[in-house]
Amino acid sequence: MSVAYFQELIESIENLPLEDQDYLFELIHKRRIEKRRLEIANNAEQIIADFHRGEVKKGTAEEIKAYLLEDEEE
């Protein structure tokens, strides 16, 4: 998206009454929260599926750290 597009969008929003601007910002904020919740839920489902297939490493934080560092050294 171009800078001109965003500038036009901002100007359109600025031309709205303050109450409508507040409503728009609240609506966008709530939608972003919901989108992030869905992303987290999808990630969790994928991790659970990977776990059930045995594709997840288990261990303490130190064990996982050591495992990850081994991969970097190779």
Between the Cα axis of helix 3-14 and the main Cα principal axis of the chain, the angle (0 to 90°, nearest 10) is 60
With axes computed from alpha carbons, what is the tilt in degrees of helix 61-73 against the longest principal axis of the chain, rounded to the nearest 10 within 0 to 90?
90
Put a dot 7 Å past each Cα toward the Cβ at Leu18 and Ala49; how far apart are the dots in nm?
4.9
Measure nothing but the geometry: give the 0 to 90° angle between the long axis through the Cα atoms of 18-52 and the longest principal axis through the Cα atoms of the chain, rounded to 10°.
20
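Find the accessible area per residue for the chain; the probe is 1.4 Å, ligands and nucleic acids are left out, and the unit is Å².
Numbers: 7180 Å² over 74 residues.
Ligands and nucleic acids excluded, the result is 97 Å² per residue.
The values are calculated or read from the model by the stated rules, or taken from the named source; none is laboratory data. Keep in mind the model is a prediction, meaning the values are calculated, not measured. Note that we place each Cβ from the backbone using ideal geometry, even for glycine, and neighbour counts take in every protein chain shown. For accessibility, only protein heavy atoms count, side chains too; no ligands or nucleic acids. Shrake-Rupley method; radii C 1.70, N 1.55, O 1.52, S 1.80 Å.
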